[in-house]
Structures are given as C-alpha cells and as structure tokens.
Amino acid sequence: MADAVKDFAYSLVATAPTPALSGLTLIVSAGTGGLFPSGALGPTPFNATVWAAGVIPQTSNAEIVTVSSLTVDTLTIVRAQENTNARTIVVGDQIAAT
C-alpha cells in the first residue's frame, strides 16, 4: 500500500513523547490532527519531519518519523526513519507530513 499524502499538513508538538528521545506517541496542537493524511479505512502510514521552531529542517537538526496511527490529534510514530537519527522532541517543535 502506498503512503498517504496531504499537502501542507503542518502543526506544532503540544505534548512531547515520553521519553523525549524514544517515546512513540506525540500530540499536535488541538484540532490540527485532521490536517494530516488519513485513509478511508482509518489512518494510513505517512512520513513526517519533526524539527525545532525557528530553524530550517536539515539532517543535523530534524528527524523523519513514520506516523503509523492517527487518532484525533495523537500520532503514533516509528522513530529515526530515512537514515535520520532520533532527536529529543519537545513541546513547540514543528511537524509536517513530508
């Protein structure tokens, strides 16, 4: 099955994963979960990039995750995808479907 896509799916991390370096769920800003891709039979996997506010995402400061589940504003993620390293995800980080 192909990954889901949706243009301009962007939000901020409202609740960071616990622990921040290896946790597998995060919550985006209230009401913005619907901006992200989902399939007719439920959420389908898609990649997203997480990076700090105020910077341009680069391999040195961003992490690509696979979102395996999306329920309202809660994303379940698989960390360190596409040869990126896990980073400490904090409240206020940016996240976008990429």
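Ordered by solvent-accessible area of protein heavy atoms (1.4 Å probe), largest first, the residues 89, 27 come out as 27, 89. Only protein heavy atoms count here; on that basis, with a 1.4 Å probe, residue 12 has an accessible area of about 70 Å². Across the chain, the fraction of Cα-Cα pairs farther apart than 20 Å, rounded to a whole number, is 26%. Taking amide hydrogens as placed 1.01 Å from N in the peptide plane, the amide H of residue 91 sits under 5 Å from those of 16, each at least 5 positions away in sequence or on another chain.
Give, rounded to the nearest 20 debye, the magnitude of the charge dipole that the chain has about its Cα centre when Lys and Arg contribute +1 at Cβ and Asp and Glu contribute -1 at Cβ.
Details: 3 positive and 6 negative charges, 21 e Å.
The calculation lands at about 100 debye.
Could you work out the local net charge near residue 80, counting Lys and Arg as +1, Asp and Glu as -1, over the other residues with Cβ closer than 13 Å to its Cβ? Can you show the working numbers first?
Details: positive: 79, 87; negative: 63, 82.
In short, 0.
Taken per residue, the accessible surface of the chain reaches 55 Å², heavy atoms only and a 1.4 Å probe. For region 65-70, 3J(HN,Hα) computed residue by residue from phi via the Karplus equation (6.51, -1.76, 1.60; θ = phi - 60°) reads 10, 9, 8, 9, 8, 9 Hz, glycine and proline entered as x.
The values are calculated or read from the model by the stated rules, or taken from the named source; none is laboratory data. Keep in mind it's a predicted model, so treat the numbers as computed, not measured. Virtual Cβ from ideal backbone geometry, glycine too; neighbours counted across all protein chains shown. All accessible areas refer to the heavy atoms of the entire protein, side chains included, with ligands and DNA or RNA removed. Shrake-Rupley method; radii C 1.70, N 1.55, O 1.52, S 1.80 Å.
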